[in-house]
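Peer 1: First the structure, which I've put down as structure tokens, then a few questions once you've had a look.
The values are calculated or read from the model by the stated rules, or taken from the named source; none is laboratory data. For clarity, every value in this text was computed on a predicted model and none was experimentally measured. Every residue, glycine among them, receives a Cβ derived from its backbone with ideal geometry; neighbour counts consider all protein chains shown. The accessibility values were calculated without ligands, DNA or RNA, using every heavy atom of the protein model including side chains. Shrake-Rupley method; radii C 1.70, N 1.55, O 1.52, S 1.80 Å.
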Amino acid sequence: MGVKRKRKVIMFDVVGDRAIPKLNKTNCDVSNNVNSLINRWNGRAYTQRFYDILEKRKTLPVWHQKEEFLKALKDNQTLILVGETGSGKTTQIPQFVLETLELESRDKCNKYMIACTQPRRVAAMSVARRVAEEMDVNIGEQVGYSIRFEDCTSSQTVLKYLTDGMLLREAMTDPLLGRYNVIILDEAHERTLSTDVLLGLLKEVQKNRPDLKLVVMSATLEAEKFQGYFCGAPLMKVPGRLHPVEIFYTQKYEDDYVEAAIRTVIQIHTCQPPGDILVFLTGEEEIEDACRKIKKEIGNFGDSVGPALVVPLYSTLPPAMQQKIFDPAPSRLMPNGPAGRKIIVSTNIAETSLTIDGIVYVIDPGLAKRKVYNPRTRVESLIVSPISKASANQRSGRAGRTQPGKCFRLYTEKSFHNGLQSETCPEIQRSNIANTVLTLKKLGIDDLVHFDFMDPPAPETLMRALELLNYLGALDDEGNLTRLGEIISELPLEPQMGKMLVVSPELNCSNEVLSICAMLSVPNCFVRPRKAQKAADEAKARFAHIDGDHLTLLNVYHDYKQNNDDQSWCSENFVNYRVLKSADNVRQQLACIMARFNLKLCSTDLNSRNYYINIKKAMLSGYFMQVAHLERTGNYLTVKDNQVVHLHPSSRLNHKPEWVIYNEHVFTSKDFLRTVTDVRGEWLIDMAPHYFDLVNFPHCEAKRVLEKLYKKKERKADINTKKLSFRVTSGTCILV
């Protein structure tokens, strides 16, 4: 079936004949360039570091299939490449392409780039830095990266690593992706939301751009499924550099997998031969807690065991801290003493996105945090759930990179064979797709039901997304994109937050709402060291606003700016300097987008009683579908969905308002609302009467309260009408 599209959008319009990119024979081999001693990219002589790295590159399995790959790429528009762990595909394939394709059009008018997408920001940054080092150029010049709110590229960039979401954003302004002549989708097996949408878009773009080459790469891939999706595209396999890995299972289920993982680390460190350890855990708190305990346990052994470098790894970790995973293991304390080793405690980011040499032991609890969306309750939660067999095999493969290794699975063999799915469920089938729908609408794709998804989303999830966008005013009743929807789609924010920002100038509080959006777009800014928890809590209390968490974040940002972005002030007040600096950068970028759409930056007078009222009304304009009401039982009930919820312990609200809006509904030990702010009931019916229509409202205490508020509003309107009528009758009112 065809996909209906608006004519005004040029995404899939046929353009003039384009030149099919030619392979440049003179540049096919790196050695040709090396012999000249001059780097073709920057005109400088190669450094010794370049030659040292080159020798290592030549040992990678993918290097030996270079000619085979280039021939397949020349002969086909789409190529599927399956490269096992350690094959070198992520760093080498883009360089092979770069050496062989012309980067200018035949008429010399257009310059092309090569794009290589990554599902995670940390992978895009770290791989770009590694490739820049291999090419002997500076990061941000010939090789760069682009992630949300950070663009490290220049006019010289010819190879760009970027997240799949960023490439989707580029498609909004450049529907045919004319800047690129080769696009490489890496880690396609992770099946992120953006990757799945890109697959469908690029398949369509290629129909109108015969010059656009596409390489779909992965460590594990459902090859036949991808080949079928791309109409029989050729498949190329690259073996990994794997040594045998011995697998160990537990005899019974582990109740506390974190403690079991720590115990296993200590046993390996005290009893097993030298070799680094990689431990998989599910989230930041677990990882930081495990790192502390491992350091303490190893410290208790004194000099009887070797020194250990314990390093955490998760996506929100600062880049400088992430790079520590590549540091060498510590040396022996004494010439004949036990060897030191590196212990990395990581989320599933270390499964395929990053390759770390020296890992000999892997500890796998068989769990990961997955985003799960329930369209009926409209709750999107990060839930710890079992991984797939494919993920388990990826994790064990990390142990065999440099020598034979061992993988300790903290679950039974029966659980592996009978309890794990073969492949990870695509994100599109377990996520809120409102942002994706908005993106597709912006690209002119109206027939979402027949869009060529590899795995389509559930119909209920699609309907919920359309419903949310319609309530927000981003789509009209026919499902067409409104002017408001066009602006929201340009903002790298979720639709609710985008609506709140766009409406804020009308309420004369865009400066403050812009700061709140920036603070909500970065990790938690509060620091709570284990040895100074009381002092950290007292510092946080000083920022607290009586009306809730959003305004508390605003206080933090205002104080940070009033103290001239001072790093020592951040340390003294237990807030993360790097996070606040990032929020400041996000704010500047969002301000630029607002300026593009002539959305003014303004503020209500700080001494006005409407200062905080206007800010809260602006927030409610976007988050009116995320409201909870305090019941007589003392618990909150989400409006319309009637879910019993509790305020998160981290909330700075020291009382229980009747109505609150919330940013997140998370499930851990209970259903919690995180980042909440006090609002008034009468605002709900003033700002979103279309949503708080009581005709289809479920029976609950909130409905009865809203009925009283509607009656009160009607009585007030009747009184005002009578007053106006009296004045007109008396001749005291002049109607213009």
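Peer 1: Using +1 at the Cβ of each Lys and Arg and -1 at the Cβ of each Asp and Glu in the chain, identify which of 418, 519, 215 lies farthest towards the dipole's positive end.
Peer 2: 519
Peer 1: With charges only on Cβ, +1 for K and R and -1 for D and E, what is the dipole size of the chain about its Cα centre, in debye, rounded to 20? Could the numbers behind the result be given before it?
Peer 2: Values: 98 positive and 88 negative charges, 146 e Å.
Here the chain has a charge dipole of around 700 debye.
Peer 1: Calculate how steeply helix 510-520 sits against the longest principal axis of the alpha-carbon atoms of the chain, using the helix alpha-carbon long axis, and give the answer as 0 to 90 degrees to the nearest 10.
Peer 2: Roughly 40 degrees, rounded to the nearest 10.
Peer 1: Accessible area of residue 250, 1.4 Å probe, to the nearest 10 Å²?
Peer 2: 30
Peer 1: Counting only the heavy atoms of the protein chains, how much of residue 51 is accessible to a 1.4 Å probe, in Å² to the nearest 10?
Peer 2: Number for this one is 60 Å².
Peer 1: Just the number, please: carbon plus sulfur as a percent of the accessible area of region 460-614, 1.4 Å probe, no ligands or DNA/RNA counted. Provide the component values of the computation, followed by the final result.
Peer 2: Values: 3280 of 7150 Å².
Within region 460-614, the accessible surface is 46 percent carbon and sulfur.
Peer 1: For the chain, what is the percent of antiparallel DSSP beta bridges, rounded to the nearest 5? Intermediate results must be reported in sequence, preceding the final value.
Peer 2: Details: 34 of 87 bridges.
Around 40 percent of the beta bridges assigned by DSSP in the chain are antiparallel ones.
Peer 1: Over the chain, what is the relative contact order in percent, taking alpha-carbon pairs closer than 8 angstrom and at least six residues apart? Display every interim value, and only then the final one.
Peer 2: Details: 1281 pairs, mean separation 79.5, N = 736.
Over the chain, the number comes to 11 percent.
Peer 1: Tell me, what is the per residue accessible area of the chain in Å², probe radius 1.4 Å?
Peer 2: Details: 33300 Å² over 736 residues.
Each residue of the chain exposes 45 Å² on average to a 1.4 Å probe.
Peer 1: In region 116-157, what percent of the accessible surface is made up of carbon and sulfur (1.4 Å probe, ligands and nucleic acids excluded)? Walk me through the numbers on the way to the answer.
Peer 2: Values: 540 of 1410 Å².
Summing carbon and sulfur atoms, their accessible area is 38 percent of the total for region 116-157.
Peer 1: What label, among (1) 28.3, 106; (2) 31.3, 125; (3) 53.0, 180, belongs to Rg and Dmax of the Cα atoms in Å computed from the structure on display?
Peer 2: Working out Rg and Dmax of the Cα atoms in Å from the coordinates points to (1).
Peer 1: Working with all protein chains in place, sort 710, 611 by solvent-accessible area computed with a 1.4 Å probe, largest first. Don't jump to the answer; show the numbers that get you there.
Peer 2: Working: 710 50, 611 15 Å².
I get 710, 611, largest accessible area first.
Peer 1: I'd like the accessible area for residue 604: 1.4 Å probe, protein heavy atoms, all chains in place, Å² to the nearest 10.
Peer 2: Number for this one is 20 Å².
Peer 1: Another question, then. Calculate the length of the line joining the C-alpha centroid of region 298-371 to that of region 445-519, in whole Å.
Peer 2: 41
Peer 1: Roughly speaking, to the nearest percent, how much of region 306-361's 1.4 Å accessible area is carbon and sulfur? Before the final figure, lay out the partial values.
Peer 2: Working: 1220 of 2150 Å².
Carbon and sulfur together cover 57 percent of it.
Peer 1: When the helix-only estimate is applied to the chain (DSSP H runs of n ≥ 4, each -39,500 (n - 2.57), divided by the residue count), what is the mean residue ellipticity at 222 nm, nearest 500 deg cm²/dmol?
Peer 2: On the way: 25 runs with 287 residues, N = 736.
Calculated mean residue ellipticity at 222 nm is -12000 deg cm²/dmol.
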